[in-house]
Amino acid sequence: MGIFDRFKRKKPAVSERAYRRSADANVLANTMGDLSAIFGSGDGVSEQQAVRIATVFRCADIVSSSVAGLGMNVLRRREVKCDGVDYQLFAIDEDHPLQYLLNRAPNGVLTAFDFMKNAVLQILLRGNAYILPQYASGEIHKLLLLETDSVSYDTLLNIYHVNDSLNGIHDTFAADEIVHLRNFSLDGGRTGASTIAYAGRVLQIGMKTDELQIDNFKPGSTTRGFISGDNTVTQGFGQLQDDQLEKVSERVESELGSGKRIFQLPGVMRFNQLALSPADLQLLDSKKFNVLEICRFFGVHPDKVFAQTSTNYKASENSQTVYMTDTLAPLLRKIENEFEVKLISRSVASHYKIKFNLEDYYQSDVLAEADYFTKMVQAGGMTPNEVRLRKGRAPLPGGNDLFISCNVAPANSEKIHGTSQQQNQPNDTEGAKTE
């Protein structure tokens, strides 16, 4: 039996009264209005419509790809003895079956990268991601990413009803049998709501801005005006003349829409061109402001959506750190904690951890990585061969020795007080007497 062996538990026995209470609670929740009723689908904006906005697509893609790009490992506690002192450290357990699922392929359809990327996308765009672990012969052998709409969470009974035809899952599961990853929640953490739901008003503005921009770039859309009569003495027009004005207006609009720049009007009619409104003139400023608003909802620095807000390299470099600490770190901890609770038995919880490899985040920054390895070698934290192995290079003879910089020393050492140097220096007075 593996340490991740799932004890054979009976399906939760739910009485008819409990189901009735659950139904009454659901009716009450619908009456009071849950998150989906409050927000709708983002003020009428669906996830398919939202990702057509460039900033939403980029924010969702960069966050999900950043998480998926970090390796996720199963760490096992090991006892190490050095110089008579016992140490405990957590090292990667390559033999554990979950290690292969998290780093290679969690199932027969998705790779580990695609699996985690789509899970994070479901968190951001749909509010919840549901993962079902499957076991065989006492060991975990598959992780299934369920369709969000196919899962119903009963908050009263704390059970999940799954009706996923794509994965062939039709069953009821206890709370500890489903890995449930939630987005920002307003119901006490039971369920999450999508970022689109919270940012619906801003997304609608973005969509309207894009539609207005498309309309402005249509042939003839830059010219707008109205048709009027040239005779200023006659008050108004008869019914026949009004019909003619309407037909001429339709013809002028058609001519402008077709891209023509020169066309004729009857002698008694005049085309009066309208100037652009202040809203049309500030369209570009509105788009820039909307980009910043969407970035705030997703917690992504505008530099990552190519908004070009940073004026120097240092500010752009600091944005990387802020993105890690404020956006990625809480999300990574949330995923790690949920995986540890649902995939590691409580009896061995102190012996195992599931952690993301944060070193992968900085591997694209060559200078930062070189500075990190240099300081680790100088402080005795790593040997040169360990650095070479990290970079996929063969070890070299003598590279297993630890090095420590000699620029620092204990405050009471001879190096600080200079006593050893004074003892080693020749006595000039005695030398003079000898001569």
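Checking each residue in segment 121-141 for being crowded, with 22+ Cβ neighbours inside 10 Å and in contact with a Ser or Thr (Cβ under 8 Å, 6 or more places away or on another chain) picks out Gln122, Leu124, Leu125, Gly127, Ala129, Tyr130. Run Tyr87 past the list (1) surrounded by 17 or more Cβ atoms within 10 Å (Cβ to Cβ); (2) of a type in the set (Ser, Thr, Tyr); (3) modelled with pLDDT under 95 and report the number of the one that doesn't hold. Just one mismatch for Tyr87, condition (1).
Within segment 100-134, the residues that satisfy the criterion of being among the hydrophobic types (A, V, I, L, M, F, W, C) and in a strand (DSSP E or B) are Ala129, Ile131, Leu132. Filter segment 179-204 down to the residues that are of a type in the set (Val, Ile, Thr) and buried (at least 19 other Cβ atoms within 10 Å of the Cβ), then identify the one that is modelled with the highest pLDDT. Checking each candidate, the answer is Val179.
Taken over segment 154-163, the criterion of being assigned to a strand (DSSP E or B) and buried (at least 18 other Cβ atoms within 10 Å of the Cβ) is satisfied by Asp154, Ile159, Tyr160, Val162. Picking from residues in segment 149-191 that are among the charged types (D, E, K, R) and in contact with a Ser or Thr (Cβ under 7 Å, 6 or more places away or on another chain), the one that is farthest from Ser345 (Cα to Cα) is Asp164.
Which ranges mark the helices (runs of 4 or more DSSP H) fully within segment 318-406 that have 2 or more residues being within 30 Å of Glu177 (Cβ to Cβ)? Explain how you work it out, then say what you get.
Working: elements: 329-343, 366-378, 384-390.
Ranges flagged: 329-343.
Mind telling me which of the residues Leu166, Leu144 ends up being closer than 28 Å to Asp95 by Cβ, in contact with an Asp or Glu (Cβ under 9 Å, 6 or more places away or on another chain) and either surrounded by fewer than 20 Cβ atoms within 10 Å (Cβ to Cβ) or modelled with pLDDT of 95 or more (or both)? Steps first, please.
Values: Leu166 fails: closer than 28 Å to Asp95 by Cβ.
Exactly one of Leu166, Leu144 is closer than 28 Å to Asp95 by Cβ, in contact with an Asp or Glu (Cβ under 9 Å, 6 or more places away or on another chain) and either surrounded by fewer than 20 Cβ atoms within 10 Å (Cβ to Cβ) or modelled with pLDDT of 95 or more (or both), namely Leu144.
The values are calculated or read from the model by the stated rules, or taken from the named source; none is laboratory data. Because the structure is a prediction, the values reported are computed rather than measured. When we count neighbours, we look across all protein chains shown, and the Cβ atoms used for this are built from the backbone with ideal geometry, even at glycine.
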